[in-house]
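*Asks:* Sharing a structure here in structure tokens format.
The values are calculated or read from the model by the stated rules, or taken from the named source; none is laboratory data. Predicted, not measured: the structure shown is a model, and the values here were computed from it. Positions of Cβ are backbone-derived with ideal geometry, glycine not excepted, and every protein chain shown enters the neighbour counts.
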Amino acid sequence: MFSFLQMIQHALPLCLTISWVYAFAMLTQSIVYEKEVRLKEVMKIMGLNNGVHWVAWFITIFSQTTVVMVAVTIILHFGKVLVHSNPFLIFIIFEIYALSTISLAFLVSVFYSKAKIAAACSGIIYLLTYVPCMYISIREDLAQDTIPKWAKMLASLFSTSAFGMGAKYIAFYENIGTGIQFDNIRYSPVEGDHFTCFETVLFMLLDTLIHLILMWYIENVYPGTYGIPKKWYFPFTISYWTGEIYVE
């Protein structure tokens, strides 16, 4: 049992994060495909607001991922993997990660106009954002180094790395037999470590906000083949916020 928990401590973060690669790539591909075949432009001509378009995508994908996260939580809890942890708290953490992943897919999609290229590149981008977490894990587990809090905070600006570190804390709590609970999520299970699972959750929420802001800005400045780009300073113009026609 002990060796199994030790293995989970190292494998759980990687497995939970990597399992999202395909879904992330397919989501990005679907969004870009809609842009590639001009469906998005057709809907705009018909009067669909761009914000409503993104909200519709979000509701569709988030509702689907919620079902998946419920299933994953049930499997991990009743499958004797995360026996001691609070399943509702685990579900909340998974849902917040789903938020950050969906917003990251939205952000990546604005850079591409070809669906197949977007699918291939988005998977690579997703994996690259997990590299900081892997580096920190190797330094801590193999080299037995103490990683400063500022370095973990910097790595957590990538939502996949934040989730990976959060999953590792969950595995640590499970390993010591208490499991992660609402009353210990603010504390690190590792002696001398000043970073916590709660902070990884906060960073995932922050990452979601950053992704959405960047997506909104880049899409307006670089709308792709068929859109009309705005000036880089458009957020500071009165015409944008009052709804007047933007003049180049």
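*Asks:* With the condition kept exactly as written, say whether any residue in the stretch 64-73 is surrounded by 15 or more Cβ atoms within 10 Å (Cβ to Cβ) and over 29 Å from GLN29 (Cβ atoms).
*Replies:* For the stretch 64-73, residues surrounded by 15 or more Cβ atoms within 10 Å (Cβ to Cβ) and over 29 Å from GLN29 (Cβ atoms): absent.
*Asks:* Now a separate question. Limited to the stretch 218-238, what total is found for residues that are more than 16 Å from PHE111 (Cβ to Cβ) and assigned to a helix (DSSP H, G or I)?
*Replies:* Residues in the stretch 218-238 being more than 16 Å from PHE111 (Cβ to Cβ) and assigned to a helix (DSSP H, G or I): 4 in total.
*Asks:* Looking only at the stretch 19-52, which residues are among the polar types (S, T, N, Q), surrounded by fewer than 16 Cβ atoms within 10 Å (Cβ to Cβ) and within 22 Å of THR65 (Cβ to Cβ)?
*Replies:* SER19, the sole residue that qualifies.
*Asks:* When only residues in the stretch 183-197 that are out of contact with any helix residue (DSSP H, G or I) (no Cβ under 6 Å at 6 or more places or on another chain) and touching a residue at least 24 places away in the same chain (Cβ under 8 Å) count, which is surrounded by the most Cβ atoms within 10 Å (Cβ to Cβ)?
*Replies:* The selected residue is THR196.
*Asks:* Any idea which residue in the stretch 141-176 is surrounded by the most Cβ atoms within 10 Å (Cβ to Cβ), counting only those that are over 22 Å from the mean Cα position of the chain (by Cα) and within 27 Å of THR73 (Cα to Cα)? It would help to see each step written out before you state the result.
*Replies:* Filtering the stretch 141-176 for residues over 22 Å from the mean Cα position of the chain (by Cα) gives 141-148, 173-176.
Remaining after also requiring within 27 Å of THR73 (Cα to Cα): 141, 173-176.
On the way: ASP141: 12, TYR173: 24, GLU174: 22, ASN175: 17, ILE176: 11.
The residue in question is TYR173.
*Asks:* Does LYS168 satisfy the criteria of being within 24 Å of LEU104 (Cβ to Cβ) and among the charged types (D, E, K, R)?
*Replies:* Values: within 24 Å of LEU104 (Cβ to Cβ): yes; among the charged types (D, E, K, R): yes.
Yes; evaluated as a whole, the condition is true for this residue.
*Asks:* Is the stretch 79-92 home to any residue that is over 16 Å from PHE203 (Cβ atoms), crowded, with 23+ Cβ neighbours inside 10 Å and touching a Phe, Trp or Tyr at 6+ places or on another chain (Cβ under 8 Å)?
*Replies:* no
*Asks:* Can you find, within the stretch 198-219, the residue that is surrounded by the fewest Cβ atoms within 10 Å (Cβ to Cβ) among those that are modelled with pLDDT of 95 or more and not aliphatic (A, V, I, L, M)?
*Replies:* PHE198
*Asks:* Here's a follow-up. Do we find that GLY179 is in contact (Cβ under 8 Å) with a residue 40 or more places away in the chain, small (Gly, Ala, Ser) and either in contact with a Pro (Cβ under 8 Å, 6 or more places away or on another chain) or surrounded by 12 or more Cβ atoms within 10 Å (Cβ to Cβ) (or both) in this structure?
*Replies:* yes
*Asks:* Still on this structure, I have one more. I'd like to check something: does the stretch 66-82 contain any residue that is in contact with a helix residue (DSSP H, G or I) (Cβ under 9 Å, 6 or more places away or on another chain) and touching a residue at least 60 places away in the same chain (Cβ under 8 Å)? Before the answer, list the steps.
*Replies:* Taking the stretch 66-82 and keeping what is in contact with a helix residue (DSSP H, G or I) (Cβ under 9 Å, 6 or more places away or on another chain), we get 66, 68-70, 72-74, 76-78, 81-82.
Now restrict to residues that are touching a residue at least 60 places away in the same chain (Cβ under 8 Å): 81-82.
Scanning the stretch 66-82 turns up at least one residue that is in contact with a helix residue (DSSP H, G or I) (Cβ under 9 Å, 6 or more places away or on another chain) and touching a residue at least 60 places away in the same chain (Cβ under 8 Å).
*Asks:* Would it be correct to say that LEU39 is of a type outside the set (Gly, Ala, Ser) and either free of Cβ contacts under 8 Å to residues at least 24 places away in the same chain or touching a His at 6+ places or on another chain (Cβ under 7 Å) (or both)?
*Replies:* Criteria met by LEU39.
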